[in-house]
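As structure tokens, the structure follows; a few thoughts come after it.
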Amino acid sequence: MAESGFVASRRQRKKHKFAQSAVIVRAAERRIASHSHFAPHPHAVNVSYESGRLILTGRLPSFYLKQVLQKLLEDLPGVTEIDNQTDVVCSSGLSSTACEHAAHEKSQPCKECRNDHSSG
């Protein structure tokens, strides 16, 4: 049984949309990997894309780098919004996530990131 033109067209649009997403994600990953701040750890940030929205996840050591990352990707073609969900960890005692240092005592500040974990 032959597919209707509508169904075939819908599949082609979906296939094109997926291919476009892959191109945008690869372009973002290349920019991240080639930037001097991120080149040593290019896989610290994960990139996904959905309907014009670039979604960034991962872990960075400072709020400054989180801002640099967003600025680096804001002019990518096809990106209308950046959802920067990266977590900042061990930045002079500030963190947007819980400390995961295995060596610290819960009753004392962490020696590695200086966070006070006594409340947890």
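State which residue is nearest to Val89 (Cα to Cα) when the search covers only segment 33-65 and only residues that are more than 10 Å from the chain's Cα centre (by Cα) and in a helix (DSSP H, G or I).
The residue in question is Phe63.
Before we move on, is Ser48 at pLDDT below 85 and surrounded by 11 or more Cβ atoms within 10 Å (Cβ to Cβ)?
Spelling it out, it is not the case that Ser48 is at pLDDT below 85 and surrounded by 11 or more Cβ atoms within 10 Å (Cβ to Cβ).
Looking at segment 40-53, can you tell me whether even one residue there is over 21 Å from Ala22 (Cβ atoms) and among the aromatic types (Phe, Trp, Tyr)?
Checked against the condition, which is being over 21 Å from Ala22 (Cβ atoms) and among the aromatic types (Phe, Trp, Tyr), segment 40-53 yields no hits at all.
Among what's in segment 66-94 and is assigned to a loop (DSSP other than H, G, I, E, B) and hydroxyl-bearing (Ser, Thr, Tyr), pick the residue that is modelled with the lowest pLDDT.
Ser92
The values are calculated or read from the model by the stated rules, or taken from the named source; none is laboratory data. None of the values given here were measured: they were computed from a predicted structure. Neighbour counts are summed over all protein chains in view; Cβ atoms, including those assigned to glycine, are modelled from backbone coordinates with ideal geometry.
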